[in-house]
Amino acid sequence: MRTLEWEHLQDILIGAAFLGTGGGGSLEAGLKTVRADLRAGRAIRLADPDELPPETWACTPYYCGSLAPSGKTAFRAAAAPHEGQECLLAARVLERHLGVTFGTTVATELGGGNTAAALSVAAQLGLPALDADGAGRSVPDLQHSTYFVAGIPIAPMGIGNKFGDEAVVQHVADDFHAEALVRAMAVASGGHVGVADHPGRLGELRKGLVLRSLTFSEQVGHAIRKKRGDVVDAVLAATDGYLLFRGVAASDCKYEDTQGFTFGEMSLRGVDEDRGSRYRIWFKNENIMAWKNGKADVTAPDLVCLLDVETHAPILNPWLKKGQPIAAFGLPAHAIWRTPRGVEAFGPRYFGFKEKFVPIERKHTKGGRRA
């Protein structure tokens with residue numbers, strides 16, 4: 001078990017933001033959250049999955065909502081005394097409902113905001129966070145999780161918002177119902193709520209986890225943060241991924257906030273070896289589909305990750321700006337996503353596209369050039 005210092009946390013969250021495929025919450029807010037925990041004297045610890053007993057109770061705390069919320073609520077004007085504490089509220093109400101004591105928290109996904117949420121809730125409860133997550137990337141819907149693919153129930157769920165409203169969803173018909181119910185609460189609460197779900201003992205949850213993913217995020221974040229000059233080779237070495245495209249943003253990102261999600265598209269104009277080519281990315285919170293010169297290139301569940309090659313900042317949706325110099329990277333999804341159930345739940349056809357999922361390695365060679 002490790003106690004994480006500020007540099008470790010920066011690397012984890014920068015790496016998670018990159019691997020979050022444009023989603024996963026604000027990196028800036030995530031860094032601010034864990035920095036506040038350190039300044040308050042709270043230890044942030046990370047436990048390897050083999051270090052904790054299988055009977056240890058865990059929950060998965062995170063934020064659910066749009067990346068660019070409207071801020072409009074269903075309530076009269078009211079103070080928001082629990083802003084920033086929504087996930088902690090959700091974990092505590094779930095713990096009280098179950099009558100158990102949690103021994104660790106698990107990140108729902110990799111992302112600058114939601115990975116930080118799991119680390120912060122653990123620190124505030126005096127627990128270690130687990131070196132694992134429930135997606136291996138960031139994902140838009142609640143049913144888009146490796147828990148779901150593995151058949152692990154999402155409920156009971158604790159929910160909290162910035163006003164201090166709390167709820168327990170004791171049972172749901174399935175994860176799709178959970179998504180609809182929680183998303184409606186997020187919209188009513190101004191754009192997001194804190195959630196704590198998938199409670200259980202680690203021995204039962206383990207089959208639905210992407211293990212040691214925070215350590216992987218740390219390695220990626222360290223490569224991004226410490227590299228001087230061209231960062232592309234450092235990212236490829238740290239991820240064993242693929243360079244998909246080099247370009248500049250052809251325009252500002254176009255997006256809309258609707259039904260608790262941020263939908264949009266980005267367009268890149270090629271430079272260097274990609275001069276004369278175009279790259280287009282469609283996202284629903286996260287990058288889902290990518291086309292090169294009009295032909296499908298990479299699709300979910302595989303990862304499309306963007307990096308500003310000058311600032312070394314991961315590009316989060318929907319904030320791409322015209323003229324930004326971008327490198328687009330592709331990474332294979334965790335093996336559980338590539339099962340028939342995983343592709344059905346999170347492949348392009350789930351989002352209404354006609355394309356089939358084709359694993360990235362069938363289209364690309366290492367280094368990013370076509371085979």
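For (1) modelled with pLDDT under 95; (2) outside any loop (DSSP other than H, G, I, E, B); (3) of a type in the set (Ser, Thr, Tyr); (4) not assigned by TED's automatic domain parsing to the domain that holds Ser189, each residue gets a yes or a no:
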site: Ala132; (1), (2), (3), (4): no, yes, no, no
site: Ala135; (1), (2), (3), (4): no, no, no, no
site: Val139; (1), (2), (3), (4): no, no, no, no
site: Gln143; (1), (2), (3), (4): no, no, no, no
site: Ile154; (1), (2), (3), (4): no, no, no, no
site: Lys162; (1), (2), (3), (4): yes, no, no, no
site: Val168; (1), (2), (3), (4): no, yes, no, no
site: Val172; (1), (2), (3), (4): no, no, no, no
Which residue, of Leu214, Leu268, is touching a strand residue (DSSP E or B) at 6+ places or on another chain (Cβ under 6 Å) and either in a helix (DSSP H, G or I) or of a type in the set (Phe, Trp, Tyr) (or both)? Leu214
For segment 132-169, what are the residues that are small (Gly, Ala, Ser) and closer than 15 Å to Ala196 by Cβ? Gly134, Ser145, Ala155, Gly158, Gly160, Ala167
Only one of (1) closer than 24 Å to Gly20 by Cα; (2) in contact with a Pro (Cβ under 8 Å, 6 or more places away or on another chain) does not apply to Leu98, and that is (1)
When Ser267 is evaluated against the numbered criteria (1) under 30 Å from His171 (Cα atoms); (2) surrounded by fewer than 23 Cβ atoms within 10 Å (Cβ to Cβ); (3) among the small types (Gly, Ala, Ser), which criterion, by number, is the only one it fails? (1)
Limited to segment 308-335, what total is found for residues that are surrounded by 21 or more Cβ atoms within 10 Å (Cβ to Cβ) and either of a type in the set (A, V, I, L, M, F, W, C) or assigned by TED's automatic domain parsing to the domain that holds Val149 (or both)? 9
Can you confirm whether Gly113 is under 15 Å from Ala178 (Cβ atoms), touching a strand residue (DSSP E or B) at 6+ places or on another chain (Cβ under 9 Å) and modelled with pLDDT of 95 or more? no
Restrict the check to segment 137-149 and report whether at least one residue is within 27 Å of Thr3 (Cβ to Cβ) and surrounded by fewer than 19 Cβ atoms within 10 Å (Cβ to Cβ). no
Please indicate, with yes or no, whether at least one residue in segment 274-289 is at pLDDT 95 or above and in a helix (DSSP H, G or I). yes
Of (1) out of contact with any Leu (no Cβ under 8 Å at 6 or more places or on another chain); (2) closer than 21 Å to Gly221 by Cβ; (3) in a helix (DSSP H, G or I), Ala116 fails just (1)
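The values are calculated or read from the model by the stated rules, or taken from the named source; none is laboratory data. Computed from a predicted structure; not experimentally measured. Virtual Cβ from ideal backbone geometry, glycine too; neighbours counted across all protein chains shown.
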